[in-house]
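Taking it in order: structure first as structure tokens, then the write-up.
A short reminder: the numbers here are calculations on the coordinates, not readings from a lab. Keep in mind it's a predicted model, so treat the numbers as computed, not measured. All Cβ positions, even for glycine, are placed from backbone atoms using ideal geometry, and neighbour counts span all protein chains on display.
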2 protein chains.
Amino acid sequence: MNADQPPSGRLIKAPEHFLDPAGVATVFQQAKQGRRDFIRSAFAAAAGATASAAMAQGNPVPSEGGDPNILVPSEYATGLGQAVASGDGYGMPSQFERNVRRRQSPGLTQTAQASVSFAPLQSLFGIVTPSGLHFERHHQGWWDMDPAKHRFMINGLVNKPMVFTMDEIMRLPSVSRFHFIECGANTAVEWGNVAVPTVQYTHGMVSCSEFTGVPLITLLQLAGADLKKGKFVLAEGNDGSSMTRTIPMSLILSGEVLVAYGQNGEMLRPENGYPLRLVVPGVQGVSWVKYLRRVEVGDMPYATKDEAVHYMDLMPDGTHRQYTNIQECKSVVTTPSGGQVLLDKGYYNITGLAWSGRGKVRQVDVSVDGGRNWRRARLENPVMSKSLTRFNIDWVWDGKPAIIQSRATDETGYVQPTYQQLRKVRGTRSIYHNNAIQSWLVQESGEVKNVQLS
Amino acid sequence: MNADQPPSGRLIKAPEHFLDPAGVATVFQQAKQGRRDFIRSAFAAAAGATASAAMAQGNPVPSEGGDPNILVPSEYATGLGQAVASGDGYGMPSQFERNVRRRQSPGLTQTAQASVSFAPLQSLFGIVTPSGLHFERHHQGWWDMDPAKHRFMINGLVNKPMVFTMDEIMRLPSVSRFHFIECGANTAVEWGNVAVPTVQYTHGMVSCSEFTGVPLITLLQLAGADLKKGKFVLAEGNDGSSMTRTIPMSLILSGEVLVAYGQNGEMLRPENGYPLRLVVPGVQGVSWVKYLRRVEVGDMPYATKDEAVHYMDLMPDGTHRQYTNIQECKSVVTTPSGGQVLLDKGYYNITGLAWSGRGKVRQVDVSVDGGRNWRRARLENPVMSKSLTRFNIDWVWDGKPAIIQSRATDETGYVQPTYQQLRKVRGTRSIYHNNAIQSWLVQESGEVKNVQLS
């Protein structure tokens with residue numbers, strides 16, 4: 001896998017936003033000269049220590065490089081800006097954020113229509129994934145389907161097979177809920193070794209949105225589904241990928257499975273199944289069938305091609321584990337992470353994401369010494385079931401090599417495993433369902449690397 | 001105020017998404033002929049009644065108009081779709097969602113740089129406002145400021161005035177929180193009468209995002225702010241609007257006020273203050289200073305132009321009420337709402353938004369008879385402090401005129417007032433802080449109108 005990603009993260013968080021590659025070297029050099037240990041001192045001050053000499057310079061100082069923004073009116077202050085409702089009434093990110101993009105990993109698949117683009121986790125905040133940066137996994141490319149022509153059918157073990165238009169579905173009782181979606185193959189390339197340099201490529205097939213839709217159970221009841229004989233449903237999309245998937249009725253009865261049209265406040269994006277997709281909280285993404293056009297109620301699993309050939313786990317004894325749908329508890333530090341560079345010693349906010357397909361995240365512990373010592377991270381609210389959870393923790397880097405890890409525990413008590421623990425059960429020949437603890441090595445130079453501990 | 005908005009909402013929710021204006025007349029005519037009372041029957045079935053004849057047609061029926069999507073492979077199923085990471089790696093809404101736009105109200109202001117664009121609440125789901133549809137209020141236009149040059153200064157009653165770069169701010173301890181922002185002038189034009197037809201224009205100056213940033217108190221502590229003498233701070237932006245605002249220190253001490261750079265997972269959008277804005281939860285939007293470049297700690301309110309001339313409430317006795325910053329508890333039904341048309345009798349999901357600047361929404365009650373009878377709506381989780389809350393409630397329309405209202409109560413016990421109650425205290429000459437109960441009249445024709453009850 002060739003990572004074509006531009007240099008990712010030279011300063012903590014900021015780099016992709018604020019420094020072009022040419023500027024990085026300069027700043028990095030400045031850091032070595034101690035010009036930017038400002039914040040370390042600052043944080044010491046916050047903790048009650050004496051302010052450093054560098055900070056106690058009295059009145060407002062001109063900013064670095066003599067930028068006049070602060071002391072004299074800037075170019076922005078003396079002109080007239082742009083109008084409201086620019087861009088045809090739909091706003092876009094800053095031009096300075098051009099480097100924050102979802103990215104394909106060239107060579108991972110043979111065509112860009114049956115491929116993956118990864119979300120830039122290293123540049124994201126909080127738990128909402130911007131819909132424009134949501135990861136993609138298509139098996140036959142994506143479509144912008146005409147919703148006026150879209151139909152959704154329910155058949156199989158039902159009293160009255162039904163066909164719905166979008167208008168009809170959107171009149172029904174709806175719910176809105178935050179959930180993560182993770183491809184079963186997220187972190188796949190890390191099974192055997194350290195394959196990719198950045199968190200975008202190691203963990204970027206997870207995203208989180210607020211979904212709005214109709215509980216599937218409501219629709220099944222309308223169709224008079226046989227909820228005794230009907231132990232499973234088959235979900236089918238309207239594209240050519242034939243990604244039919246079996247969903248256990250037990251999940252549907254809980255009311256959690258949605259026939260969704262809304263995502264992050266607006267209609268689903270085309271790449272995410274517009275106008276209708278299945279939302280199966282906690283379950284791997286392949287089951288969240290896009291362009292949903294049909295569910296069929298049946299009495300046994302359907303063993304479709306992507307259940308009988310793909311999305312299975314090859315175990316050490318040579319057998320295949322099938323229907324391992326639930327995404328187990330997992331976490332990853334997104335900053336500092338591979339490809340980023342710490343400019344100097346001192347204070348950093350370590351931040352990352354945790355999630356569990358079995359409920360809420362109960363706690364996240366962070367180690368900066370490769371797992372010998374752990375400290376409890378602060379979880380940002382709200383902590384929701386089967387949603388991403390953002391964690392933050394303070395760290396003062398002493399400039400020596402450090403190995404940063406996070407370890408999540410969910411409300412069932414399940415603890416995210418080390419690679420050693422995971423491989424003991426699963427071997428090394430799997431593709432799917434790798435939820436091991438990720439390690440990032442901070443080198444003395446400040447450069448952060450993807451490593452695995454033996 | 002001339003509303004240039006295209007016909008908004010002919011079917012409940014769906015219209016803007018799925019029907020072009022030309023198609024509306026046809027469908028509406030069909031509704032009159034009873035062709036689309038499908039869902040009413042369907043909901044009756046869900047409630048345990050007998051399925052209607054129309055539904056009990058046996059096996060999968062061809063969809064309306066003979067659309068072959070369902071029974072034979074569609075055009076989408078036999079071709080190859082578009083590639084991952086299209087559009088330069090930043091995805092966009094469907095072409096069929098072109099009508100879901102934030103919109104200026106022509107005539108409201110004299111230039112489009114000192115104006116408003118309203119969020120299309122009638123088309124939004126859940127609580128997250130897509131950043132591209134977030135309402136705008138600019139006093140001097142918006143800028144896409146270079147974050148590498150941006151500086152943030154703290155001065156006034158501090159031990160050591162400080163200047164931060166963006167890189168420095170983004171290394172500090174951060175938090176992520178969901179909050180609404182509402183312009184103090186939201187619903188302003190409704191003070192005297194029914195001025196605009198749709199919820200986009202009556203209530204579209206409210207939005208909700210997940211914000212990420214550094215608590216302002218952290219930064220003030222770094223600068224050694226005098227938290228005894230310093231009872232207020234002045235916040236100043238880097239544009240030409242001179243929108244300086246006084247923020248009470250009490251709000252800052254709570255830790256809620258943020259110096260924010262993140263919004264809905266990515267960097268703030270330029271229209272929303274990129275790269276840095278103040279987040280003042282519960283307080284009117286004008287205090288959330290965009291392009292934030294400075295806060296000054298002081299010992300008294302600053303009485304800036306927008307505190308001494310604008311954003312004040314003219315009371316019935318001729319005095320002006322100043323510094324009424326907190327946005328009181330408020331709600332609005334977004335569907336059905338003005339400009340939409342109900343196609344037929346039967347089941348509808350009434351949905352809307354509620355919020356309070358003083359904490360969480362405790363309950364929302366909905367009336368369909370102009371306030372004589374109320375039923376408790378279902379609140380979607382999570383219900384968060386100073387955030388939008390989505391509510392939903394079932395309704396079966398009998399085809400007679402109906403007046404739909406929502407009334408929110410917050411955790412302090414404050415109940416959203418009627419227009420009569422509000423005017424009794426506030427008179428009719430205000431511009432700001434109108435949180436009265438909104439009424440939507442559903443006419444026999446199905447058309448929904450903005451009305452005020454005397």
Given charges at Cβ of Lys, Arg, Asp, Glu: region B:330-451 dipole, positive-most of B:N450, B:Q420, B:L353: B:Q420
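Rounded to whole Å and ordered largest first, report the semi-axes of the equivalent ellipsoid of region B:330-451 derived from its Cα gyration tensor (root of 5λ).
Working: eigenvalues 117, 67, 25 Å².
Gyration-tensor ellipsoid for region B:330-451: 24, 18, 11 Å.
Taking 8 Å as the Cα distance limit and 6 or more residues as the minimum spacing, I'd like the relative contact order of region A:320-363 as a percentage. Show your work: numbers first, answer last.
Working: 41 pairs, mean separation 21.7, N = 44.
About 49 percent, as a whole number.
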Charge dipole (debye, nearest 20) of region B:330-451; +1 at Cβ of Lys and Arg, -1 at Cβ of Asp and Glu: 620 debye
Part-to-part distance (alpha-carbon centres) for region B:287-314 and region A:183-222, which is given in Å: 44 Å
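Which entries in A:K400/B:K229; A:K229/B:K345; A:K360/B:K345; A:K345/B:K160; B:K231/B:K360 show an alpha-carbon gap greater than 31 Å?
Details: A:K400/B:K229 42 Å; A:K229/B:K345 35 Å; A:K360/B:K345 41 Å; A:K345/B:K160 22 Å; B:K231/B:K360 26 Å.
Over 31 Å Cα-Cα: A:K400/B:K229; A:K229/B:K345; A:K360/B:K345.
First measure r as the distance between the Cβ atoms of B:K228 and B:S254, then evaluate 1/(1 + (r/R0)^6) with R0 = 22 Å and state the FRET efficiency to the nearest 0.05.
Values: r = 17 Å, r/R0 = 0.76.
Working from the Cβ atoms, E equals 0.85.
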Label spacing, shortest first and in nm, from B:R375 to its equivalents in the remaining copies (7 angstrom along Cα→Cβ): 5.3
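Rounded, prolate or oblate for region A:240-303? Axes are the square roots of the Cα gyration tensor eigenvalues, ordered a ≥ b ≥ c, and the cut-off for rounded is a/c under 1.5. Provide the component values of the computation, followed by the final result.
Details: a/c = 2.17, a/b = 1.42, b/c = 1.52.
It is oblate, given that a/c is not under 1.5 and a/b is not larger than b/c.
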Shielding by partners, peptide B:257-265 (average Cβ within 10 angstrom, other chains): 5
Whole-number percent relative contact order across region B:330-451, with pairs defined as alpha carbons under 8 Å at least 6 apart: 34 percent
3J(HN,Hα) from dihedral phi, region B:309-326, Karplus parametrisation 6.51/-1.76/1.60, rounded to Hz, x for glycine, proline: 10, 10, 6, 10, 10, 7, 8, x, 7, x, 7, 9, 8, 10, 6, 8, 8, 6
Test item: A:172-184 mean partner chain Cβ contacts at 10 Å: 4
12 Å beta-carbon shell around B:E411, net charge (K/R +1, D/E -1): +3
For A:S439, distant residues with modelled amide H under 5 Å away: A:V451
Nm distances between copies for B:K345, ranked from closest, using label points 7 Å along Cα→Cβ: 8.0
Peptide-level mean, for B:132-140, of C-beta atoms on other protein chains within 10 Å: 4
Cross-link pairs beyond the 23 Å C-alpha cut-off, checked among A:K330/A:K449; B:K330/B:K449; A:K330/B:K386: A:K330/B:K386
Cβ-based charge dipole, region B:192-291, positive-most Cα from B:G230, B:Y261, B:Y291: B:G230
Estimated vicinal HN-Hα couplings, Hz - region A:424-440 in sequence order (Karplus 6.51, -1.76, 1.60; Gly, Pro = x): 4, 8, 9, x, 10, 9, 7, 10, 9, 6, 9, 10, 5, 5, 8, 10, 10
Cα gyration tensor, region A:78-141 - rounded (a/c under 1.5), prolate or oblate: prolate
In order through region A:386-395: 3J(HN,Hα) via Karplus (6.51 cos²θ - 1.76 cosθ + 1.60), integer Hz, x for Gly, Pro: 6, 10, 5, 10, 8, 10, 9, 7, 6, 8
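What does the charge add up to near A:V279, with Lys and Arg as +1, Asp and Glu as -1, over the other residues with Cβ less than 9 Å from its Cβ?
Working: positive: A:R177, A:R277; negative: A:E256.
Net charge around A:V279: +1.
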Residue of chain A whose Cβ sits closest to the axis mapping A onto B, with distance in whole Å: A:P382, 2
Label geometry 7 Å along the beta-carbon vector: A:K424 inter-copy distances in nm: 7.1
For region A:137-163 and region B:321-384, distance of Cα centres in Å: 32 Å
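Once you sort the root eigenvalues of the Cα gyration tensor of region A:132-321 as a ≥ b ≥ c, which label holds: rounded (a/c under 1.5), prolate (a/b larger than b/c) or oblate (the other case)? Could the numbers behind the result be given before it?
Working: a/c = 1.98, a/b = 1.33, b/c = 1.49.
Because a/c hits 1.5 or more and a/b fails to exceed b/c, region A:132-321 counts as oblate.
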